[in-house]
Every structure is written in structure tokens, then in C-alpha cells.
Amino acid sequence: MLKTVFLVLLSLVIAIGGGAASVWLMLEEAPPIGAVRAGPWTAYPSMGTREADPYSRARFAREGGIPLGRSEGIVFTAMRDSAGQSLSRSCTYRIEGPMPVARLWTLYAAAPGGALLPPLHRRQTALHSWRILRTPDNGFAITVSPHPAPGNWLALTGTGELRLVLTLFDTPATNGAEAQGLSLPEITRTGCDA
Amino acid sequence: MLRILHAVLLGLVGAAIVHIVILVLVPRYSTEDVWTRLSAVARPFETVRLERAVLGADVPEPANPFIEAAVCPFDLGDGTLHVRGSGAVPFWSMSIYDRNGLNVFSISDRAMAGKDLDLVVLTPEQMLRMRRAVPAAFRDSVFIEVDSAEGLLLFRAFVPDETWRGVAETFLEGIRCAPGQAD
């Protein structure tokens, strides 16, 4: 009798505890599914849509948010530079390379939580395609640094980890086939404050 | 020994079932999705600009510093939704989120026939009826069919710099969401 009760309890504990724990692990710890990668940049185009898989959907429902629709644009985030090292707010980076066709794009520096870094006096920690100085061949280079730099300077403030968020608005890159083979600018570390 | 193994196996099968059930129920019972958070601050057919300073910290705000957003919840139960707006923002786009907070439709200003914003949101049944006789007021409108009767429209306007902020705010606050044609 006691043995049967023990066995039933064992089954129930494994079922409920194991089921709940495995969902929690998948939603909190496992990396999200459905990523599109281009060099150091990552995007989740199906995030918050009906095409998303059940795990992404459950994760999205817990976090909320207002993801861009496909006709609006796509958001790429970089947490590491092109060499694979974590981005830091006390380092200087150079962003250079091809940019996909888009009506406009914006680039801003964010904290690990995704919030915009506070401005440096009146200088926003953000840039967009209208504010970019271009070379004669229509290319550009951006210096991401806590110190002023000539040309296109994306100011950094504070210390700690850094995320760079690149948003392309009204771009053909949002449809699945295009998004896979996309080439985006490289992020190269050029130096750090000791 | 064999009975313990049996119990463990049964537990594992149960764990798989519990896993799937929780996964499916999480979106349904979430209180964090856009719909739940925004329907608390905006009534149907009312345009509200998304500003944490005014609406409270619970409201999702675009993280992008160059984007201002406004939202307008709708209910197609009694008729269509007619959205109008005008202004000279350099870029705007719009998304429709359903009751689960999922993005079901999006459009940018390139899709408009003229310079002004003119949309009609309706259900497939309302679209069928509309096709028979399009009212003169909807002649230049872009028709958007959605399969959920309730949802919200979220408009984003591009603000290239501070001098444009006033223009963008006027554009967003001037968006009129009105019940169109009654059924």
C-alpha cells in the first residue's frame, strides 16, 4: 500500500516538476530559436508574429514588446564584435562595410537590457542614415567610442557591457530568403581604455 | 525495481504532456503582452501616443530614439474602422497587433495612394459587403482585411532630429480612428 502511494507520488513529482522545470529552462536559459545571423548581427524576424514557433511565442508573451512588422523593418542586435569578443562601453569600435538597401536605418548604443544609453551632454548615443557622412564611393565608417572622433561618431556613455542595435526600415531584407544571405557592416575593435 | 522503473517512465511521459500544456497556455494567460498592457490605457477608437512619462512605466515604448509611436485599439464588432491622418513626417509605418499581441499586418507610407494616411480596416465579411458598393468616402483608402475583430493599430513616425519632434507628435496625435460604416 505504502509502496504504491510512493510510486504514484514519484510519477507525479517527475511529471509536474519535470514538465514545469523543462519549460522554464527552455524559456529562460536556452537561446531563442529562429535567429537570422549576419556577421556579428542577429535578428529574429518571426518574433511576435503568427509564424513563430511555440517556444518563441511563449517567450514573447512573457516579455511583451512591440516588434516591427515585416513591411516596417527589421532589428539587428550585436553583443559581440566581428572577432567574437563582447562589446564594452569603454572600448572604441569601427563599423564599416556594406549596408543592405533600405529607406533609412538607425543605429543606437544600448545597455544589455536593451534600453538606450543616456546621452553625453546634448549628444545622443544614436545615429541614423541621414546624419552619416559618406565617402565619395557612398561608403561610410562609424567610430563607436566614449571619446570624440572625427567623421561619424557614435558616442558611448557609462561603463559595462554594450549592445549595438541596427534597425533597417522599409527594406527588402525582411523577407526570409533575403535575410539569410545578408551582409552587414563589420564591427572591429580598435582600442580600449585601460 | 521494475515497478519503480515503470513509475519513472510514467512520470517522464507525464512531464512531456505537462511541458506541452504549459507551453500552449503561457501565451493565453500572459498579462505582459501588448494587448493587455495597452488596452488598459487606451479605449477603442482613441489615439494615444506611447509615452512612459504620461502613461506610466508599464507601457511599451519604442527603444529607438528616432521613433515616436501612437496606438489606437479597435473593435470591428459594430462596423469597419476608418483611419485618417495627415502630416509631413519623412517616414511612418503601421502594424496591427491582434488580441494575443502578435503582429498580424504591417504597412509603410509607401503603400498610400496620396500623401495622407487613409486606411480602412475590416473583417473578411465586411470586405465582401464593401466590394458590392464602395462608398465615395473610401475611394482613395487602402483596405486592410484582418481576421480578428479586436486588435490595435500601432503607428511609428521617424524623428530625424529634435526639430522634427513637433511635426511627428502632431502627425501621431492627429490620427483619427473612427468607426466607419456600420453593418
- request: Test residue B:90 against the criterion of being outside any strand (DSSP E or B), at the interface with chain A (Cβ under 9 Å from one of its Cβ atoms) and out of contact with any Phe, Trp or Tyr (no Cβ under 9 Å at 6 or more places or on another chain), and give yes or no.
  value: no
- line: Flagged pairs (Cβ under 7 angstrom, 6 or more apart or on separate chains; first in the range A:23-35, over 16 Å from residue A:47 (Cβ atoms) and within 9 Å of another protein chain (Cβ to nearest Cβ); second surrounded by 12 or more Cβ atoms within 10 Å (Cβ to Cβ) and among the hydrophobic types (A, V, I, L, M, F, W, C)) are A:23/B:22; A:23/B:23
- prompt: Any idea which of B:111, B:178, B:157 is touching a helix residue (DSSP H, G or I) at 6+ places or on another chain (Cβ under 9 Å), farther than 23 Å from residue A:61 by Cα and touching a residue at least 24 places away in the same chain (Cβ under 8 Å)?
  reply: B:157
Any chance residue B:149 is hydrophobic (A, V, I, L, M, F, W, C), modelled with pLDDT under 90 and within 25 Å of residue B:35 (Cα to Cα): yes
- prompt: Going through the range A:100-151 one residue at a time, which ones are among the polar types (S, T, N, Q) and in contact with a strand residue (DSSP E or B) (Cβ under 6 Å, 6 or more places away or on another chain)?
  reply: A:106, A:125, A:129, A:143, A:145
message: Among the listed residues B:120, B:167, B:159, identify the single one that is in contact with a strand residue (DSSP E or B) (Cβ under 8 Å, 6 or more places away or on another chain) and either within 14 Å of chain A (Cβ to nearest Cβ) or over 23 Å from residue B:35 (Cβ atoms) (or both).
response: B:159
task: Might you let me know whether the range B:19-33 holds any residue that is more than 30 Å from residue A:13 (Cα to Cα), surrounded by 17 or more Cβ atoms within 10 Å (Cβ to Cβ) and at pLDDT below 85?
output: yes
- line: Pairing a residue in the range A:78-107 that is over 13 Å from residue A:141 (Cα atoms) and within 14 Å of chain B (Cβ to nearest Cβ) with any residue that is acidic (Asp, Glu) and surrounded by 18 or more Cβ atoms within 10 Å (Cβ to Cβ), where Cβ atoms lie under 9 Å and the two sit 6 or more apart in sequence or on different chains, gives A:102/A:170; A:103/A:170; A:104/A:170
query: Any idea how many residues of the range A:154-187 are outside any loop (DSSP other than H, G, I, E, B) and either at pLDDT below 85 or surrounded by 17 or more Cβ atoms within 10 Å (Cβ to Cβ) (or both)?
result: 19
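Return yes when residue A:134 is basic (Lys, Arg), at pLDDT below 90 and surrounded by fewer than 15 Cβ atoms within 10 Å (Cβ to Cβ) and no when it is not.
no
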message: I'm trying to understand the selection: among the residues of the range A:25-43, which are in contact with a Lys or Arg (Cβ under 6 Å, 6 or more places away or on another chain) and either in a loop (DSSP other than H, G, I, E, B) or farther than 27 Å from residue B:15 by Cβ (or both)?
response: A:40
Residue that is nearest to residue B:158 (Cα to Cα), among those in the range B:1-53 that are among the basic types (Lys, Arg) and not in a helix (DSSP H, G or I): B:49
- request: Assess whether residue A:114 counts as being under 18 Å from the mean Cα position of the chain (by Cα) and either surrounded by 19 or more Cβ atoms within 10 Å (Cβ to Cβ) or farther than 25 Å from residue B:35 by Cα (or both).
  value: no
- request: Just give me the residues in the range A:121-153 being within 22 Å of the chain's Cα centre (by Cα), assigned to a loop (DSSP other than H, G, I, E, B) and more than 16 Å from residue A:98 (Cβ to Cβ), in sequence order.
  value: A:124, A:125, A:146
- request: Tell me which residues, restricted to the range A:44-96, are of a type outside the set (Gly, Ala, Ser), buried (at least 18 other Cβ atoms within 10 Å of the Cβ) and in a loop (DSSP other than H, G, I, E, B).
  value: A:44, A:45, A:47, A:66, A:67, A:68, A:70, A:72, A:81, A:87, A:89
message: Looking at B:57, B:40 in this structure, which one is surrounded by fewer than 19 Cβ atoms within 10 Å (Cβ to Cβ), more than 8 Å from chain A (Cβ to nearest Cβ) and over 19 Å from the mean Cα position of the chain (by Cα)?
response: B:57
field: Number of the exception - residue B:126 against (1) within 14 Å of chain A (Cβ to nearest Cβ); (2) in contact with a helix residue (DSSP H, G or I) (Cβ under 8 Å, 6 or more places away or on another chain)
entry: (1)
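The values are calculated or read from the model by the stated rules, or taken from the named source; none is laboratory data. Predicted, not measured: the structure shown is a model, and the values here were computed from it. Using ideal geometry, Cβ is built from the backbone for each residue, glycine included, and neighbour counts are taken over all protein chains shown.
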